[in-house]
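Colleague: Handing you a structure now.
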Amino acid sequence: MVLIMMKNIQNDNQNNQWFLVRCKTKHERRASLNLANQSIASYYPLIDVVKVRRGKKQVVREALFPGYIFVYLDPSSVLASKVKNTLGVYDYVRFAGKPQVVSDILIADLEQRNGQVVLDESVQAGTEVLVCDGIYTNTKGIFLEPDGDKRSILLVNILNKSTKLTVDNEIIFPIV
């Protein structure tokens, strides 16, 4: 989670609200820093994603909502007009022509859930996988479903019979 709050520069008055802003995808950090340079508080939640890169699983931090950040400001202030002219920002997300307000409760919930969610994009149901450790080393199988957070159920062919096998997630890799 990245939260840039400039409360000492921008007064936290009662008119401040959270707004959803569209920015360039994968440029959320840059847009957030550019907003901070203008004394505008911003926030974009991050999520840990497990991906396979060069044959190895890696945990990568990515924006939970790619291409979107939240800004906290008074809509009647001068800062509100600066947002859409900020480098990396397209514009407010609008509904009926007005910038979309986001509830404080939603932002607080996103902040509270920081780091609790890990998304594993490396293996999907039906993907052919290879077991790389243990007694089933070099055994090919088909990924059926996750079995909790740390294990998965595979369908493997043993003695010409399809058998379900439960293994640790760390020892299976998709076959590309």
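Colleague: Multiplying the sequence separation of L106 and D48 by 0.36 nm and subtracting their Cα-Cα distance, what value in nm do you get?
Modeller: 18.9 nm
Colleague: Moving to a separate point now. For region 14-112, give the magnitude of the charge dipole about the Cα centre (Cβ charges: +1 Lys/Arg, -1 Asp/Glu; no others), in debye to the nearest 20.
Modeller: That gives a dipole near 760 debye.
Colleague: Which of K26/K82; K26/K98; K24/K150; K51/K161 have a Cα-Cα distance over 28 Å?
Modeller: Checking Cα-Cα distances, K24/K150; K51/K161 exceed 28 Å.
Colleague: Moving to a separate point now. For region 134-156 and region 73-95, what is the separation of their C-alpha centers, rounded to whole Å?
Modeller: 48
Colleague: Amide H to amide H, which residues 5 or more places from Y90 or on other chains are under 5 Å from it, using H placed in the peptide plane?
Modeller: Correct list: R22, C23, K24.
Colleague: Here's something else I'd like to know. How much net charge surrounds V101 when only other residues with a Cβ under 13 Å from its Cβ are counted (Lys, Arg +1; Asp, Glu -1)?
Modeller: Residues near V101 contribute 0 overall.
Colleague: Another one. Take the alpha carbon gyration tensor of region 17-176, find the square roots of its eigenvalues, order them as a ≥ b ≥ c, and report rounded if a/c is under 1.5; if not, report prolate when a/b exceeds b/c, else oblate.
Modeller: Prolate.
Colleague: Please give the contour-minus-distance gain from S162 to V59: 0.36 nm per residue of separation, less the Cα-Cα distance, rounded to one decimal in nm.
Modeller: Net length gain for the segment: 33.9 nm.
Colleague: Excluding ligands and nucleic acids, what accessible area in Å² is computed for T137 using a 1.4 Å probe, to the nearest 10?
Modeller: 60
The values are calculated or read from the model by the stated rules, or taken from the named source; none is laboratory data. Remember, predicted model here, so these are calculated numbers, not experimental data. Counting neighbours? That spans all protein chains shown, and the Cβs are built from the backbone with ideal geometry, glycine included. Areas reflect the complete protein model, heavy atoms only, side chains present, ligands, DNA and RNA absent. Shrake-Rupley method; radii C 1.70, N 1.55, O 1.52, S 1.80 Å.
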